[in-house]
Amino acid sequence: MDDSLRELYQEVILDHSRHPRHFGALPSHTHMAEGHNPLCGDRVRIFLQVDPDERIEDVSFEGRGCAISVASASLMTELLKGRSVAEAEELMGGFLHLVKGEDTAVLTGEDRDRLEVMAGVSAFPMRVKCATLAWHAMKAALEHEGRAKTE
Ligand code: ZN
């Protein structure tokens with residue numbers, strides 16, 4: 001990855017961490033779960049409003065943590081809104097591959113382009129848990145588990 005691209009990605013991550021999208025509890029939600037990453041101290045709570053056709057009508061998060069965990073949650077909420085539950089799980093699978101530096105063929109070009117900003121995390125194994133925390137919480141919420149494990 002060249003330096004200008006790396007800088008651009010860092011800017012996107014900082015922007016999301018300073019100005020998180022869809023931040024705050026959803027007053028009306030069908031699913032909710034909490035995630036905690038004890039290694040870094042990141043905490044996140046994910047809210048989902050899923051309609052009877054299994055489509056994510058709305059999604060939000062609240063919590064606090066490092067820039068990577070907040071940016072990842074913010075980015076995730078942007079991508080999930082309007083998706084079906086099945087698509088959300090596919091997206092999560094692709095994202096997990098991406099941050100581990102694995103094959104991301106499961107992601108469509110557009111999704112990969114938007115998530116690519118987090119790919120640099122794969123060089124920092126400790127940071128992978130920060131990046132995936134919100135996603136694990138989202139999955140736990142959809143499965144009505146209430147609490148996410150980071151691994
Ligand atoms: Zn963290």
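Counting other beta carbons within 10 Å of each residue's own, what order do Val121, Val70 fall into, fewest first? Can you show the working numbers first?
Numbers: Val121 22, Val70 25.
In increasing order of surrounding Cβ atoms, one gets Val121, Val70.
Among residues other than Arg64 whose Cβ falls under 9 Å from its Cβ, what is the net charge (Lys/Arg +1, Asp/Glu -1)? Net charge in that neighbourhood comes out at -1.
How do Leu80, Leu133, Leu5 line up, fewest other C-beta atoms within 10 Å first?
Going from sparsest to densest Cβ surroundings: Leu5, Leu80, Leu133.
Sorted from longest to shortest, the spans of the Cα atoms of the chain along the three principal axes equal 45, 32, 27 Å. Axis angle, to the nearest 10 degrees, between helix 67-80 and the longest C-alpha principal axis of the chain: 60 degrees.
Just so you know, all these numbers are worked out from the coordinates, no wet-lab data involved. Remember, it's a predicted structure, so these values are computed and weren't measured experimentally. Backbone-built Cβ (ideal geometry, glycine too); neighbour counts: all protein chains shown.
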